[in-house]
Amino acid sequence: MNELRTVAELMALAARTAPKGRGDDFVVTAIVEGDTLRVLGQKMIEFGERTGKDLFDRDGNNVIHSGAVLLLGLKDAQVVGLNCGACGADKCIVPNTYDGEYAGPQCSIRMLDLGIAIGSAVKTASLLNADNRIMYRIGPVVREMGLIDADVVIGIPLSATGKSIYFDR
């Protein structure tokens, strides 16, 4: 559905222009659609089976039935340098020294930047009446598939049907 591509592009614009700590922007975006979207959903189901993690099958099926997915992530985010302790360290951490489902640790202020960008994106989807859902479970799989070059990723699938496919699951 071409309209959902446009919605995803406007969501990416909202994420790009969302406020960031000290004005430094480490947020990256990508849009997944078409055949790649269905492959992503299937890979999510397989990831859940392989790792024994719950609900990857549910969310994978949602992705398969979506029209597009907006990916939002952080790439090479530098610490703000406040020594605020929110990350759990006494002094600012060295980011991306561990690579699991996500690379970490991450500066808490940069994670807040990502959260604000996500909020701006879903607000835009809501204003445009596109059903959406913020999904952590998309992130580890798109990183594994190489669909976005990011250290931390959240996915927001989009749908335009008579009833939201993301509720009553």
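None of the figures in this text is laboratory data; all of them are computed from the coordinates on show. What you are looking at is a predicted structure, and each value in this text was computed from that prediction instead of being measured. Neighbour counts run over all protein chains shown; Cβ positions are idealised from the backbone, glycine included.
Annotations for the structure displayed:
Conditions tested, residue by residue: (1) acidic (Asp, Glu); (2) more than 26 Å from GLY104 (Cβ to Cβ).
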{"position": "ARG22", "(1), (2)": "no, no"}
{"position": "ARG38", "(1), (2)": "no, yes"}
{"position": "LEU55", "(1), (2)": "no, no"}
{"position": "ASN61", "(1), (2)": "no, yes"}
{"position": "GLY73", "(1), (2)": "no, no"}
{"position": "ASP76", "(1), (2)": "yes, no"}
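- Residues satisfying the stated conditions in region 148-162, i.e. within 13 Å of the chain's Cα centre (by Cα) and either farther than 17 Å from ARG38 by Cα or free of Cβ contacts under 8 Å to residues at least 12 places away in the same chain (or both): ASP149, ALA150, ASP151, VAL152, VAL153, ILE154
- Count of region 40-60 residues which are free of Cβ contacts under 8 Å to residues at least 60 places away in the same chain and within 21 Å of ASN2 (Cα to Cα): 1
- Residue list for region 117-147, filter: farther than 17 Å from GLY60 by Cα and either within 10 Å of the chain's Cα centre (by Cα) or in a helix (DSSP H, G or I) (or both): ALA117, ILE118, GLY119, SER120, ALA121, VAL122, LYS123, THR124, ALA125, SER126, LEU127
- Residue pairs whose Cβ atoms lie under 7 Å apart, separated by 6 or more positions or on different chains, with the first residue in region 119-130 and within 13 Å of PRO157 (Cα to Cα) and the second in a helix (DSSP H, G or I) and of a type in the set (Asp, Glu), do not occur.
- Selected residue (only one of SER66, SER159 is in contact with a Ser or Thr (Cβ under 6 Å, 6 or more places away or on another chain), polar (S, T, N, Q) and closer than 22 Å to GLU46 by Cα): SER66
- Scanning region 63-79 for residues that are of a type outside the set (Asp, Glu) and surrounded by fewer than 19 Cβ atoms within 10 Å (Cβ to Cβ) yields ILE64, HIS65, LYS75, GLN78.
- Cross-chain or 6+ apart pairs with Cβ under 7 Å, region 66-77 first and on the phi < 0 side of the Ramachandran plot, then of a type in the set (Phe, Trp, Tyr) and buried (at least 24 other Cβ atoms within 10 Å of the Cβ): none
- Counted residues, region 80-116 - those being β-branched (Val, Ile, Thr) and in a helix (DSSP H, G or I): 2
- One residue from GLY52, GLY34, GLY60 being crowded, with 18+ Cβ neighbours inside 10 Å and either of a type outside the set (A, V, I, L, M) or in contact with a Phe, Trp or Tyr (Cβ under 7 Å, 6 or more places away or on another chain) (or both): GLY60
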